[in-house]
Amino acid sequence: MTVQATDARASGPLRSDAQRAREWVAADQRRRLQLGLAAIWLLDAVLQFQSFMFSKEFSRMLAGTAPGNPAVIAGPIGWSARIIGQHAAAANAAFAVIQLLIALCIAWRPTVRLGLGASVGWALVVWWLGEGLGGTLNGAGSPANGAPGAVLIYALLAVLLWPGRRERPASFAAGRFTGAALARLLWLVLWASLASLALAPATRAPKALSTMIFQAAAGQPSWLAGTDHHLSAFLSHRGPAAAVVLAVVLAIVAAGVYLPRPAARAVLLLAVATSAAIWIAEGLGGILTGAGTDPNSGLLLALLALAYWPAVNLVPAAPRRQPAGGS
C-alpha cells in the first residue's frame, strides 16, 4: 500500500499539467524532425531508382571517390565498385530497397528505433564505400561539395533524434537523448570541421569555389544552372576571400549553440541560411539532373539546425518522490 501511494503521488500532483504539456510538445517536435529525416531517406530511395543508377556509370562514380585516399580506404572502395558494376541491377535495387525500408521504419512509430539504428549503420557504410569518407583524407573535401560527407549527417541526426526511454532536460530536441552538453559538442565538432575545410586548399585555392559551383551546374534546369553560373562568375576572382568569409561564418555557427537563447536563435537562423547557400552551391545535390544519389549536405545541415532550435525547457527534470506518510 505504501508503494502504491508513493506511485500515485509521483504520477499525480507531482506531475503537473504544465509538465505533461511540455513533454507532449517535446515529443511532437522530435517526431516532426524524425519524419523530416524519413522524408530525406525516401527521397534517396526514389533517386536510387533512376535509370542512371542501374548502369555501369553508377559504379564508376563510386570508384571515383577512391583516388587520393590511403590504400586501406581506397582498396575496399574499388572492390565494392567492381562488384556493383558486375551486378548493377541487383545491387542498385537492393540499395534502393534498403533506403526505402529505412524511411518507412523511421516514419512508423513502432519501428522508429529500428529505422534510426539502420540509418546509422547504412550511413557509415555509404560514407566509406560510397563517399570515400567525404573527401576528408584525399584533400578534395570542401563545404561546397558535401564534405565531411552528407551521409555522415544522417547518422548524426539518427543519434540525436533517438527516442530514449529516459529523457534528459534540454532546451532543444537534439539534446533530449544525449544530453545538452554532448549534443552541443557534436554540433561544435561538425561545424568547426566545416570551417577548417573552408580554409583548406580545396576551397581556398583561387579558382576552387568557382570551379566547384560551375561543375555543379551541369545538367541542371536552366533556373538553377543560371544561378550557379552567376555565383561561379562572381567568385572567379574572389575565391580566397570568399573562403575566409565562409570559414568565419561557419566558426560563428559552430560556437553559436553555447550562446544565450536569443543569440543562439539568431545563430541558428544564420546556420539555416548558410545551409541553403551551400545547397545551392551543391546544385541541390544533383537531384534534378537524373544522376544525383542524394540531396547532399545542405538540406541535412538545415534539418540539423532545426533540431537545435531552443524553445522552453522541453523535458523537465524528473520530480523527486516524497516518502509516503507513516512508512
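Only the coordinates and a few stated rules stand behind these numbers; no lab work does. What you are looking at is a predicted structure, and each value in this text was computed from that prediction instead of being measured. Here the Cβ positions follow ideal geometry from the backbone for every residue, glycine too, while neighbour counts run over all protein chains shown.
General observations
- Each Lys and Arg Cβ is given +1 and each Asp and Glu Cβ -1; about its Cα centre, the range 104-220 then shows a dipole of about 380 debye.
- Estimated at 0.36 nm per residue, the fully extended path between R31 and H230 surpasses their Cα-Cα distance by 67.8 nm.
- Taking the centroid of alpha carbons for each part, the range 25-86 and the range 240-297 are 21 Å apart.
- Charges were assigned to the Cβ only: +1 to each Lys and Arg, -1 to each Asp and Glu. The resulting dipole of the chain about its Cα centre is roughly 1020 debye.
- Axis angle, to the nearest 10 degrees, between helix 261-281 and the longest C-alpha principal axis of the chain: 30 degrees.
- Relative to the longest principal axis of the Cα atoms of the chain, helix 150-160 runs at roughly 0 degrees.
- Measuring gaps between exposed loop sites in the chain (chymotrypsin sites (Phe, Trp or Tyr not before Pro); DSSP loop; at most 16 other Cβ atoms within 10 Å), the longest gap, sites not included, is 109-257.
- FRET E, pair Q86, V46, Förster distance 25 Å, beta-carbon r, rounded to 0.05: 0.50
- Under the criterion of Cα pairs below 8 Å and six or more residues apart, the relative contact order for the range 17-307 equals 18 percent.
- Ranked by how many other beta carbons lie within 10 Å on average, peptides 298-304, 60-66 from highest: 298-304, 60-66
- Relative to the longest principal axis of the Cα atoms of the chain, the long axis of helix 17-48 makes an angle of roughly 20 degrees.
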